[in-house]
Amino acid sequence: NAAYKEMWEKLDLDIDAHDGLLAVLGKFYGDIYMSQQGRLKGMEYLDFVLSEVHGLRVKELQDAKAEGRKIIGTFCVFVPEELTLAANAVHVGLCAGADAGTEQAEKLVPRNTCALIKSFIGFKLARLCPYTESCDMVVGETTCDGKKKAYEAFAEHVNMHVMELPQTKSASARELFRSEVLRFKSELESLTGVTITPDKLAKGIKIVNDKRRALQRLSALRAANPAPISGRDALLINQVSFYDDPVRFTQSVNALCDEMEARIERGEGVVPEKTARLLLSGCPMAVPNWKLPYVMESSGAVIVGEESCIGTRNTRDLVDESADSLDAMIDAIVDRYMRIDCACFTPNTERLDNVVSMAKELKADGVVHYSLMFCQPYAHEALKVDSALREAGIPMLSIETDYSMEDVEQLKTRIEAFVEMV
Ligand code: BJ8
């Protein structure tokens with residue numbers, strides 16, 4: 001498409017490398033997604049969004065920019081989208097799920113850095129990501145050491161704002177987070193020239209809550225047996241939630257949920273009733289990181305939930321909508337975000353309770369814990385999650401991997417053995 005090419009050139013992408021990336025992505029998507037049987041009709045919207053991920057949606061961002069709106073890029077679910085929307089800006093997730101520009105990335109960050117970090121840096125340095133190139137401000141956060149140090153290097157290439165995140169859930173930690181939410185708010189206001197009023201913030205809260213409600217609905221419907229949707233499709237929906245227009249996305253997910261309800265009523269599913277049901281838990285899986293879900297679902301299992309930031313960790317809690325002053329709304333936002341059970345926090349026992357109750361609610365036969373190689377926080381918690389699940393009588397398999405395809409056969413062997421056992 002010539003118009004897109006012109007847009008990518010304006011964004012200064014490396015056109016040849018970008019063409020190559022789109023070709024690989026298209027093939028990968030075809031193999032992993034289009035080969036599935038019995039998909040919901042509503043997934044056509046997601047297929048469309050994904051086929052236009054570097055096209056139409058990026059064009060929409062350029063149109064928004066032409067109207068004077070700003071684009072805010074993020075890497076973590078701790079950055080409140082409610083405030084971005086209240087400042088009439090667009091919020092997009094920039095986490096990346098494919099190996100790209102690794103050699104260049106390794107000049108900015110050490111080799112033993114997790115694939116997610118290397119990937120967003122690699123995409124930037126190799127000029128492959130139209131989202132990063134569209135951003136007016138990129139927001140980082142002091143979560144894991146890998147990200148926090150990577151942002152120092154990344155700031156040489158983009159306009160960065162880093163939120164200082166606490167490491168505990170104490171009262172003083174809450175105060176710190178509250179002050180950082182306010183600092184983010186001021187930063188947004190000066191970037192956009194928009195003053196965030198209670199009215200605007202209430203609208204932002206409502207839009208993001210509605211998106212979360214739709215995703216909660218989807219998540220709850222997956223308790224049905226036979227599973228009404230594949231884990232791959234559900235993961236894709238969660239991935240797309242980070243960059244699609246939130247209102248349009250919410251409508252599409254609700255329409256998909258209507259279809260799922262009808263399917264459940266007919267007793268139908270994507271797999272037979274006896275299929276092993278697995279919960280996936282751990283590090284976030286950014287687009288197009290579909291390797292492990294694909295291996296799991298081609299090993300005789302179906303994934304019934306994602307206990308992850310690209311999953312329920314981002315959708316489980318809502319912001320209280322009853323506040324009417326700006327101050328009270330900020331408090332409601334702070335309270336909601338301080339409930340996120342990220343492994344960067346210490347202690348983080350809520351996560352153990354959440355994994356166990358999620359496995360029970362979704363009637364999972366077992367849990368696959370996924371850590372990215374070199375991710376300390378989730379590797380540590382893999383051990384804790386394992387013992388919490390063992391106590392509850394739920395088997396767990398711990399997987400550590402990255403974005404390369406080299407271990408696919410080995411993963412398949414381990415997962416098939418686990419599926420046999422559960
Ligand atoms: S709230 S999980 S999105 S920090 S995989 S980069 S932790 S070394 S992503 Fe996260 Fe926010 Fe927490 Fe969620 Fe570091 Fe681990 Fe890499 Fe990670």
Computed over the chain, the relative contact order (Cα-Cα under 8 Å, seq sep at least six) in percent reads 17 percent
Note down the nm distance, to one decimal, between modelled labels 7 Å out along Cα→Cβ at residue 268 and at residue 213.
2.8 nm
For residue 384, put the label point 7 Å out on the Cα→Cβ axis and report which residues of region 172-203 keep their amide N under 11 Å from it.
none
How far is the Cα center of region 52-101 from the Cα center of region 164-225, in Å?
15 Å
Taking just the alpha-carbon atoms of region 340-422, what radius of gyration and Dmax come out, in angstrom?
13.3, 36
Fraction of the pair-distance distribution of region 1-93 above 15 Å, Cα-Cα pairs, percent
71 percent
Entries in 70/200; 65/118; 124/203; 27/363 that, when Cα-Cα distance is taken, lie over 23 Å:
65/118; 124/203; 27/363
How big, in percent, is the set of alpha carbon pairs in region 260-314 lying more than 12 Å apart?
70 percent
Quote the relative contact order of region 99-247 in percent (integer), defining contacts as alpha-carbon pairs under 8 Å separated by 6+ residues.
13 percent
Charges only on Cβ, +1 for Lys and Arg, -1 for Asp and Glu: so what's the dipole of the chain about the Cα centre, in debye to the nearest 20?
360 debye
Of 218, 208, 197, which is farthest on the positive side of the dipole of region 185-227, counting Cα position, with +1 on Lys and Arg Cβ, -1 on Asp and Glu Cβ, and the Cα centre as origin?
218
Could you give the length gained on full extension between residue 35 and residue 254, defined as 0.36 nm per residue of separation minus the Cα-Cα distance, in nm?
76.4 nm
Using only the alpha-carbon atoms of region 114-266, report the extent along each of the three principal axes, biggest first, to the nearest angstrom.
55, 41, 34
Given axes a ≥ b ≥ c from the Cα gyration tensor, I'd like to know whether region 203-288 is rounded (a/c under 1.5), prolate (a/b larger than b/c) or oblate.
oblate
Taking θ as phi - 60°, what are the ³J(HN,Hα) couplings along region 123-131 by the Karplus curve (6.51, -1.76, 1.60), each to the nearest whole Hz, with x for Gly and Pro?
4, 5, 5, 8, 6, 10, 10, x, 6
Pop a pseudo-label 7 angstrom from the Cα along the beta-carbon direction at both residue 318 and residue 350 and give the gap in nm to one decimal.
1.7 nm
What shape does region 61-197 have by the C-alpha gyration tensor, where a ≥ b ≥ c are the square roots of the eigenvalues, rounded means a/c under 1.5, and otherwise prolate means a/b greater than b/c and oblate the rest?
oblate
Need one number: nm distance between label points at residue 328 and residue 414, each 7 Å from Cα along Cα→Cβ, rounded to one decimal.
5.1 nm
Mean projected area, convex hull of alpha-carbon positions in the chain, reported to one decimal in nm², is 19.1 nm²
Relative contact order (percent, whole number), region 61-113, Cα cutoff 8 Å, 6+ residue spacing
32 percent
At a Förster distance of 41 Å, what's the computed FRET efficiency of residue 189 paired with residue 360, Cβ-Cβ distance as r, to 0.05?
0.40
Per q in 0.25, 0.28, 0.33 1/Å, what log10 I(q)/I(0) does a Debye calculation on the alpha-carbon atoms of region 80-124 return?
-0.73, -0.84, -1.10
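Here, each number is a calculation from the coordinates, and none is a lab measurement. Note that the coordinates shown come from a computational prediction; the quantities given were computed from them, not determined experimentally. Please note: Cβ atoms are built from the backbone with ideal geometry, for glycine as well, and neighbour counts cover all protein chains shown.
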